[in-house]
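Quick notes on the structure that follows.
The values are calculated or read from the model by the stated rules, or taken from the named source; none is laboratory data. What you are looking at is a predicted structure, and each value in this text was computed from that prediction instead of being measured. Positions of Cβ are generated from backbone atoms using ideal geometry, with glycine treated the same way; all protein chains shown enter the neighbour counts.
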Amino acid sequence: MTDAIRPLIAGNWKMNGLKASAAEFDAMLTGAAAVAAKADLLVCPPATLIAAFAAKAAGKTVAVGAQDCHPKASGAHTGDIAAEMLADAGASAIIVGHSERRADHGESDDLVRQKAEAAWRAGVIAIVCVGETQGQRDAGQTLDILRGQLSLSLPGGSKADNLVVAYEPVWAIGTGLTPTAKDVEQIHGFIRELLISRFSDEGAKMRILYGGSVKPSNAAELMAVKNVNGALVGGASLKAADFLAIAKGCP
């Protein structure tokens, strides 16, 4: 953990959540005060719940975000949602380039960069995801993959207050597997070096989140690693108790 950087614990609900899920979000709002001194909290529910959750979170210590956006502000794009629409609904951040979007929808680094720029255009933070697959890891390509993704997915002009990087090893998402703390330290250190090389002082201040089977039992160990400035949490963010326990793991 870099002491000068305030941690962010972001929950990605993915394609989960109905109106009844508001009860879990209410519990997060209630419990957030106990961890507010340790980290910023962000919940990214499906788009159908953003407006309702944002209304509940007004004036509270939990922010609401979105999971994806279209690069354009409006137009004939049936079924897509513009960053401006998400911001209008109450989102303060948008996840872009998640591995499931890259794999399931064939999203390229260039498209991810356009989506990050769209988030800025709408006045919200872009959380840009990068990470390698099992095959790439086994082939020893992890650093090369990350270098390429970071080079092409991050827009010029990225700053600590408008962009967050999330490292999610694809092979660890939802599998229960996690890299060792030593592996995470090496990779986050590599990402930090690239950010500083490109964005100078801003790169030194950007938050780098770890994601991939983060849960209460491993959160404290992961959050203690140098250059880990929080977590992007998947399944464990669906339950208030687990999400808040992960935030409590921040130093």
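Quick one: VAL170 ticks every box in (1) crowded, with 19+ Cβ neighbours inside 10 Å; (2) under 28 Å from ALA4 (Cα atoms); (3) of a type outside the set (S, T, N, Q) except a single one, so which number is it?
(2)
Of all residues in the stretch 186-230, which are buried (at least 19 other Cβ atoms within 10 Å of the Cβ) and hydroxyl-bearing (Ser, Thr, Tyr)?
Result: TYR210, SER213.
Among the candidates LEU146, LEU150, LEU163, which residue alone is in contact with a Leu (Cβ under 6 Å, 6 or more places away or on another chain) and buried (at least 19 other Cβ atoms within 10 Å of the Cβ)?
When all the criteria are applied, what remains is LEU150.
Which numbered condition trips up ILE208, out of (1) closer than 22 Å to ILE246 by Cα; (2) more than 18 Å from the chain's Cα centre (by Cα)?
Failed condition: (2).
Conditions: (1) farther than 23 Å from GLY140 by Cα; (2) in contact (Cβ under 8 Å) with a residue 60 or more places away in the chain; (3) out of contact with any Cys (no Cβ under 7 Å at 6 or more places or on another chain). ALA220 meets all but one. Number of the miss?
(2)
Regarding the stretch 6-17, can at least one residue be identified that is more than 20 Å from GLY174 (Cβ to Cβ), at pLDDT 95 or above, in a helix (DSSP H, G or I) and not small (Gly, Ala, Ser)?
No, every residue in the stretch 6-17 fails to be more than 20 Å from GLY174 (Cβ to Cβ), at pLDDT 95 or above, in a helix (DSSP H, G or I) and not small (Gly, Ala, Ser).
Report yes if SER21 is in a helix (DSSP H, G or I), of a type in the set (Ser, Thr, Tyr) and either surrounded by fewer than 21 Cβ atoms within 10 Å (Cβ to Cβ) or over 18 Å from the mean Cα position of the chain (by Cα) (or both), otherwise no.
yes
When residues of the stretch 120-165 are filtered for being touching a Lys or Arg at 6+ places or on another chain (Cβ under 8 Å), assigned to a loop (DSSP other than H, G, I, E, B) and either at positive phi or among the hydrophobic types (A, V, I, L, M, F, W, C) (or both), how many remain?
Residues flagged as touching a Lys or Arg at 6+ places or on another chain (Cβ under 8 Å), assigned to a loop (DSSP other than H, G, I, E, B) and either at positive phi or among the hydrophobic types (A, V, I, L, M, F, W, C) (or both) within the stretch 120-165 amount to 2.
So ALA247 fits all but one of (1) in contact with a Lys or Arg (Cβ under 7 Å, 6 or more places away or on another chain); (2) of a type in the set (Gly, Ala, Ser); (3) not in a helix (DSSP H, G or I); what number is the exception?
If we test ALA247 against (1) in contact with a Lys or Arg (Cβ under 7 Å, 6 or more places away or on another chain); (2) of a type in the set (Gly, Ala, Ser); (3) not in a helix (DSSP H, G or I), just (3) comes out false.
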